[in-house]
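**Q** One structure follows; several queries about it will come next.
Every number in this text was worked out from the coordinates using simple rules, so none of it is lab data. Fair warning: this is a prediction, and the values are worked out from it, not measured in the lab. For neighbour counting, all protein chains shown are included, and Cβ atoms are generated from backbone atoms with ideal geometry for every residue, glycine included.
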């Protein structure tokens, strides 16, 4: 009984982790950017979605849609205000762009977090479930919302797979992650591809934020934790590898759920962190990394 | 850079030290308190700069070393009741051992991987403090029975003297052959290794120096505040503030990091009327500095002169 409960809860939380990490890893794969404002962007989507849904009485779906748009807007802002100026900067030596993008997005993430804290206080908010009710799944009473969230996550990940592997734009993304210079030589403009990947990232991060608000609840104090967990999942799976991130999301999700159920909820993040340290030492390229 | 090393630099330094040391005669007790914390922060930022600016490694976990030193000293003092100097030495040893344990494997990694491992180290330390709450006081923190001094002036001089001594040692180190090798390995590790320098050994040395000063500063901060808590010495937001201070003041200058820390804490106080938004403004200023003057305040000053 408990095993089944762990199986179901772990599946849903892992799907959400996976969705949140996929966009993060795609940006790294395509443009080499580690976006430490990730948690902040999810936070914006979650809080604005919650705010619209609860104060204008629009229902959870419209709220979620506005939240996703807000996440997308925030992702664009991050790209145009912080990332692109650093990438194009002539004052900075090219070798230091990476370090500056890390510090720049870190600062940007803090600005977002403080602003959200100012606007919405730091009380965690939970969105009204999009799919109310409880389903009896082989004797385990599971909220319908939880099942639907896992389903939405996987549907979106499936769509993403189609987009990347079956469309022309997606193939350009793939090519950019393999050899950006070759792609430019073939006459494709990299900046357009970057814009596309940031659009995909914004939608994914926004959706993940909104779903998180509806599943577990989010507060402005969580932003750092969200970034750290996406960062760890992505490194665990191998930087830039989408399938690696998904595998890692499940490893982390289940480790956390098992710890929370069987040992103690307070120890929840620790085994995953230890595993991460271990993997990084033994196999720095991550589970499915290319390098 | 000639500005800082020539005889004129010595005069400027002497003047700054004299003005700083005379603080208690012309500053209010309130400002003295802010500056005392700022000086310890300055040491944090300087030891971070040695690792980031020179060795080129993003250490997201300066508070891992600071927290080890602070809690090591605080626990020895509150459980065994040893005198403060012994506790400080113990704290430094704890920070050094923890630093080496972290650095030995971590230095095999580079860039984002190194950053992530140091970040995880902080999260693990934070969790450990909460789990062993019966010794560490958990999330609330612990008080220590002894304090450095109850006089604001004496505390100020302790902090100022400590910062000046640290600045001289760290700055000297960065100008020495070791500092140059570190800088070379930060910019091009392969070429530095090809020239016959043991890159890992030098980076490990930098990490150890960073650990000693961070741990000592963390311990002294605890005995100044009379308490150790996650929020003051371990939390990631402290790490972020250290990073902002060092980048704001100017990377690869060591002294700039201290300048940045003092500026940051004073700006934080000055912007207090803004309430929660003061962090927003400070971060925005730091971001603007990164985008437009990546060399930081001191770097801009020095490079401006050279051109």
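**Q** For chain A, take every pair of Cα atoms, bin their distances at 5 Å starting from 0, and report each bin as a whole percent.
**A** P(r) for chain A, in whole percents per bin: 1, 6, 11, 16, 18, 18, 14, 8, 4, 2, 1, 0, 0.
**Q** So how tilted is helix A:97-120 from the main axis of chain A? Cα-based, degrees 0 to 90, rounded to 10.
**A** Result, in degrees: 40.
**Q** Also: So what's the angle, to the nearest 10 degrees on a 0 to 90 scale, between helix A:242-258 and the longest Cα principal axis of chain A?
**A** Taking Cα atoms only, the helix is inclined about 30 degrees.
**Q** Just tell me how shielded B:15-23 is by partners: mean number of partner chain Cβ atoms within 10 Å of each residue's Cβ, no decimals.
**A** Average neighbour count from other chains, rounded to a whole number: 0.
**Q** Can you grab the distance from the C-alpha centre of the range B:236-294 to the C-alpha centre of the range B:55-114, Å, no decimals?
**A** Going from one Cα centre to the other spans 24 Å.
**Q** For the range A:65-108 and the range A:258-287, what is the separation of their Cα centres, given in Å?
**A** 29
**Q** In units of 2.2 N^0.38 Å, what is the alpha-carbon radius of gyration of the range B:1-132?
**A** With N residues counted in the range B:1-132, Rg over 2.2 N^0.38 Å equals 1.31.
**Q** Using the C-alpha gyration tensor of the range A:1-83, what are the square roots of 5 times its eigenvalues, in whole angstrom, with the largest one first?
**A** 26, 22, 8
**Q** For the range A:92-146, what percent of Cα pairs sit more than 15 Å apart?
**A** That fraction is 70 percent.
**Q** Also, quick follow-up: What whole-number distance in Å separates the alpha-carbon centres of the range B:29-51 and the range B:162-193?
**A** 20
**Q** Over all alpha-carbon pairs in the range B:93-244, figure out the percentage whose distance exceeds 23 Å.
**A** 47
**Q** Mind putting together the pair-distance distribution for the range A:221-268? All Cα pairs, 5 Å bins, whole percent per bin, short to long.
**A** 5, 23, 21, 24, 18, 7, 2
**Q** Sort the following peptides by mean Cβ neighbour count (other Cβ atoms within 10 Å, averaged over residues), highest first: B:235-247, B:48-60.
**A** B:48-60, B:235-247
**Q** Another question about this same structure. For the Cα atoms of chain A, what angle does the longest principal axis make with the long axis of helix A:168-178, in degrees from 0 to 90, nearest 10?
**A** The two axes meet at around 70 degrees.
**Q** Taking the Cβ of each residue in B:147, B:154, B:120, A:66 as the centre, tally the other Cβ atoms inside 10 Å and list the residues starting with the fewest.
**A** B:154, B:147, A:66, B:120
**Q** Shielding by partners for A:269-278, please: the mean number of other protein chain Cβ atoms within 10 Å of each residue's Cβ.
**A** Whole-number average of other-chain Cβ neighbours for A:269-278 is 3.
**Q** Which whole number gives the average count of other chain Cβ atoms within 10 Å of the Cβ atoms across peptide B:116-125?
**A** Average per residue, whole number: 5.
**Q** Under the definition of Cα pairs under 8 Å and six or more residues apart, what whole-number percent is the relative contact order of the range B:124-238?
**A** 43
**Q** Take the Cα pairs of the range B:152-204, get the Kirkwood Rh, then feed it into Stokes-Einstein at 37 °C and 0.692 mPa s and tell me D in µm²/s.
**A** Result for D is 258 µm²/s.
**Q** Tell me the Rg and the Dmax, in Å, that the Cα atoms of chain B produce.
**A** For chain B, the Cα radius of gyration and maximum Cα-Cα distance read 18.8, 58 Å.
**Q** Give the order of B:254, B:84 when sorted by the count of other beta carbons within 10 angstrom, beginning with the fewest.
**A** Fewest-to-most ranking of B:254, B:84: B:84, B:254.
**Q** Given just the C-alpha atoms of the range A:1-139, how large is their convex hull per residue in cubic angstrom?
**A** Looking at the range A:1-139, the number lands at 139 Å³ per residue.
**Q** Treat the count of other C-beta atoms within 10 Å as a stand-in for reagent exposure and order B:110, B:134 from fewest to most.
**A** Going from least to most buried by this count: B:134, B:110.
**Q** Continuing with the same structure: Give me the compactness ratio for the range A:155-291, meaning the Cα radius of gyration over 2.2 N^0.38 Å.
**A** For the range A:155-291, the normalised Cα radius of gyration comes out at 1.21.
**Q** Run the Debye formula on the Cα coordinates of the protein assembly as shown, all scatterers equal and no solvent, and tell me log10 I(q)/I(0) at q = 0.10, 0.11 1/Å.
**A** Log10 I(q)/I(0), no solvent term: -0.89, -1.07.
**Q** Direction-averaged shadow area of the convex hull around the Cα atoms of the range B:223-307, nm²?
**A** 6.6
**Q** At q = 0.12, 0.13 Å⁻¹, what is the base-10 log of I(q)/I(0) for the range B:165-307 according to the Debye formula with one equal point scatterer per Cα and no solvent? Please give it to two decimals.
**A** -0.61, -0.71
**Q** If you don't mind, there's one more thing I want to ask. Can you give the three extents of the C-alpha atoms in the range A:151-204 along their principal axes, from longest to shortest, in whole Å?
**A** Sorted largest first, the three principal extents are 40, 20, 15 Å.
**Q** Right, here's the next one. Going from the alpha-carbon gyration tensor of the range A:95-222, what semi-axes, largest first and in whole Å, does one get by taking the root of 5 times each eigenvalue?
**A** The three semi-axes for the range A:95-222 are 35, 25, 10 Å.
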